[in-house]
Amino acid sequence: MKMITDKIIETVREAAGLMVRSGFEVMEKGSSANLVTSSDLAVQHFLVGRLAELIPGSGFLCEEEDLDDISHEYIWIIDPIDGTANYARSMQDCCISVALARNGEVCAGVVYSPWRDELYHAEKGSGAFCNGHRIKVSDRPFEDGLFCTAMSTYRKEFARTCSDIIYDVYMRSNDFRRYGSAAIELCLMAAGYVELYFEMRLQPWDFAAGGLIVKEAGGVVCGFGGERLDPFKPSMVIGSNREDSCRELVSTVGRYLSELPY
Ligand code: IPD
Ligand code: CA
Ligand code: CA
């Protein structure tokens, strides 16, 4: 496994060369809030070509171009640029996120933010790392926690419920943050900077790599009701540095939602 993770890291670093600082094209996907750039497409094409060579016969679940072929033992789950809205505005919080799942379980994850100069990686059972150094979640309790969250950017009909949940957690914790990249936010939790996480609806490519990195750093991630995240389906994502805080987030969400609204 270690050898393959080293190869994924090498490939992701190389792909980041395609996240050029200027001269890329910005296009809309259905709405002006949902963007794709020529760099997203270039990074995805590059990764798909290289990663297919790394594990012949593997499948892909990728954000762009409806690439969804999960009937294989090994599946690559790829967000070529997470935080595209930041990238399109030349803001630093954007990254490449690549996870590898084997028989439905994420076994390796790499998140690389070239402009923050942070490369996070984890292998199942081997811990989590940032730029080669071991990372661990903090032990801050809920009331001292920093909360990373968002208002359901691409499904604004959920915004009112998100805002009720965010208000509730905000009033009982330290403060909240919104970076605009779910993968980076999960990695910041893994590295001990933030403690609480909630998003109403993420796609597998947003959370697959970051979720493993949080778990390997000693944290917890789950879906609505506390269930395990399915790496092939859209999901609510709840996470924390501590089990007790995660349970508190799950029960807070449950006060505003009796069932998942999608
Ligand atoms: C988005 C970012 C954002 C999150 C959205 C995601 P994209 O991904 O991760 O932080 O709030 O839910 O869709 O569109 O930049 O790849
Ligand atoms: Ca994303
Ligand atoms: Ca993306």
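Brief remarks on what is shown
- Gaussian network model of the chain, springs between alpha carbon atoms under 10 Å - residue of 223, 109, 49 with greatest fluctuation: 49
- Among 211, 127, 17, the largest mean-square fluctuation in a Gaussian network model of the chain (Cα springs under 10 Å) belongs to 17.
- Taking a ≥ b ≥ c as the square roots of the eigenvalues of the Cα gyration tensor, an a/c ratio of 1.5 or more together with a/b no larger than b/c marks region 60-137 as oblate.
- Restricting the calculation to alpha carbons of the chain gives Rg and Dmax of 17.2, 50 angstrom.
- Remark: the Cα gyration tensor places region 143-252 in the rounded category, a/c being less than 1.5.
- Shown for region 182-243 is the translational diffusion coefficient from the Stokes-Einstein equation, using the Kirkwood radius over Cα pairs, a temperature of 37 °C and a viscosity of 0.692 mPa s: 299 µm²/s.
- Amide H partners (placed H, <5 Å) of residue 236, local residues excluded: 202, 224
- Model label sites at residue 7 and residue 126, defined 7 Å from Cα along the beta-carbon direction, differ in position by 1.3 nm.
- The magnitude of the dipole of the chain, with charges of +1 and -1 set on the Cβ of Lys/Arg and Asp/Glu and taken from the Cα centre, is near 400 debye.
- Counting only DSSP beta bridges with both residues in the chain, the antiparallel share comes to about 80 percent.
- Placing unit charges on each Cβ (+1 for Lys and Arg, -1 for Asp and Glu) gives the chain a dipole about its Cα centre, and among 204, 94, 31 the Cα reaching farthest toward its positive end belongs to 94.
- Of 79, 66, 168, the one that fluctuates the most in a GNM where the chain has Cα springs shorter than 10 Å: 66
- The loop-placed trypsin sites (Lys or Arg not before Pro) in region 224-262, going by DSSP, that have at most 11 neighbouring Cβ atoms within 10 Å of their Cβ come out as 228.
- Low-density loop cleavage sites - trypsin sites (Lys or Arg not before Pro) in region 1-110, where at most 16 other Cβ are within 10 Å (DSSP): 21, 89
- Shape metrics for region 2-135, restricted to C-alpha atoms - Rg then Dmax, Å: 14.6, 41
We did not get these values from a lab; they are worked out from the coordinates using the rules stated. Just so it is clear, the structure is predicted and the values come from calculations on it, not from any experiment. Because the Cβ atoms are built from the backbone with ideal geometry, glycine has one as well, and the counts that use them run over all protein chains shown.
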